[in-house]
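The values are calculated or read from the model by the stated rules, or taken from the named source; none is laboratory data. Given the structure is predicted, the values throughout are model-derived calculations rather than measurements. Note: ideal-geometry Cβ built from the backbone for every residue, glycine included; neighbour counts use all protein chains shown.
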C-alpha cells in the first residue's frame, strides 16, 4: 500500500471547505469506533456523544448530504449504537448493509456464518487460559480482542488464531483471511468485500458529481481511503484519518474530539 503523511485538516481547512461547497452533494461516510464514538477498553461500552448525534441528525436532514456509518461491527449492533433512522449502515466491513430500509448480505459471505461460529467456539476453548482475550462472533466475521491481553501473550494468541483458521479451512471449510486492526485480529471470509467496496457502492448510488467523504481511524479504513484516491482508486473523494500514522488518507484530525467540527464543515458547505 502506498502511504502518505496526511495533511492536518485544519491547515487545509479552506481547501477542504471549497471542495465540499463546490460539489452538488456529499456522501458522508463515517466509521463508528474511534470516529463517532471514542475508543474504550470495553467495546460494549462504546457510545456516541449526544452532541455528535445531533450533528449527524442535522446532516441527515440536508437534501444534498447522504450519511452512512461504515464499521467492522455487526450490522444489528451498529444500528443499535447509532440509533439514527434515515441513514445508511454498512456492518462487518460492508459484508452486510442496510440502505433505504432494506438489508442485504454479500452472497459469498452468507455461506461462511456456520464456519465462523465453529472457529469462535474453538478459539474460546483454546484461549480460555489467556487473560484479557475476548472472542466476538459477529455472524459473518469474528473479532479477537487483545487490548487487555499482556503484551508477552499476544504472540500466543496470534499463533492460535492462525492455526485454528488454517485447520478450519483444511477441513473443507470456506476460505478465511486474518486482518489486523487496533488491538484486534479480524477473521473474515476471503471474499471481495471491504470498507472500500462498501464506500464505492454508496458513492455510486448517489447522483452524479456528489463528493464521497470517508472518515476513519483504523488500519481497516485504509481500504476506503485507497478507494477515494483519484490517482489510484476508482473514486475521487476525500479521506480523513482520525489520529496520526502513515495513511492513504488526504487529511487527518488530531483526535476523535475533532470529528464534530468536521461535520460542522460539511453542514456549512451543504446545508446553509
**Hits in the range 198-218 (condition: surrounded by 23 or more Cβ atoms within 10 Å (Cβ to Cβ) and in a loop (DSSP other than H, G, I, E, B))** = 217, 218
**Prompt:** Looking at (1) at pLDDT below 95; (2) closer than 16 Å to residue 203 by Cα, which is the one condition that is false for residue 92?
**Reply:** (2)
**Message:** When you scan the range 200-218, do you find a residue that is modelled with pLDDT of 95 or more, under 28 Å from residue 132 (Cβ atoms) and within 17 Å of the chain's Cα centre (by Cα), even just one?
**Reply:** yes
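Here are 164, 141: which of them is touching a helix residue (DSSP H, G or I) at 6+ places or on another chain (Cβ under 7 Å) and at pLDDT 95 or above? Let's see the steps before the verdict.
Values: 141 fails: at pLDDT 95 or above.
Sole residue among the options that is touching a helix residue (DSSP H, G or I) at 6+ places or on another chain (Cβ under 7 Å) and at pLDDT 95 or above: 164.
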**Item:** Any chance residue 192 is in contact with a helix residue (DSSP H, G or I) (Cβ under 9 Å, 6 or more places away or on another chain) and crowded, with 20+ Cβ neighbours inside 10 Å
**Value:** no
**Prompt:** How many of the residues making up the range 238-272 are closer than 26 Å to residue 40 by Cα and in a strand (DSSP E or B)?
**Reply:** 8
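One line per residue, one yes/no per condition, for (1) without any contact (Cβ under 8 Å) to a residue 60 or more places away in the chain; (2) in contact with a helix residue (DSSP H, G or I) (Cβ under 6 Å, 6 or more places away or on another chain); (3) surrounded by fewer than 19 Cβ atoms within 10 Å (Cβ to Cβ):
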position: 11; (1), (2), (3): yes, no, yes
position: 30; (1), (2), (3): no, no, no
position: 35; (1), (2), (3): no, yes, no
position: 60; (1), (2), (3): yes, no, yes
position: 76; (1), (2), (3): yes, no, yes
**Prompt:** Residue check: is residue 223 in a loop (DSSP other than H, G, I, E, B), under 30 Å from residue 140 (Cα atoms) and out of contact with any strand residue (DSSP E or B) (no Cβ under 9 Å at 6 or more places or on another chain)?
**Reply:** no
**Message:** Just to be sure I understand, how many residues within the range 93-104 are in contact with a helix residue (DSSP H, G or I) (Cβ under 9 Å, 6 or more places away or on another chain) and more than 16 Å from residue 30 (Cβ to Cβ)?
**Reply:** 3
**Asked** If only one of 17, 115, 21 is assigned by TED's automatic domain parsing to the domain that holds residue 146 and in contact with a helix residue (DSSP H, G or I) (Cβ under 7 Å, 6 or more places away or on another chain), which one is it?
**Response** 115
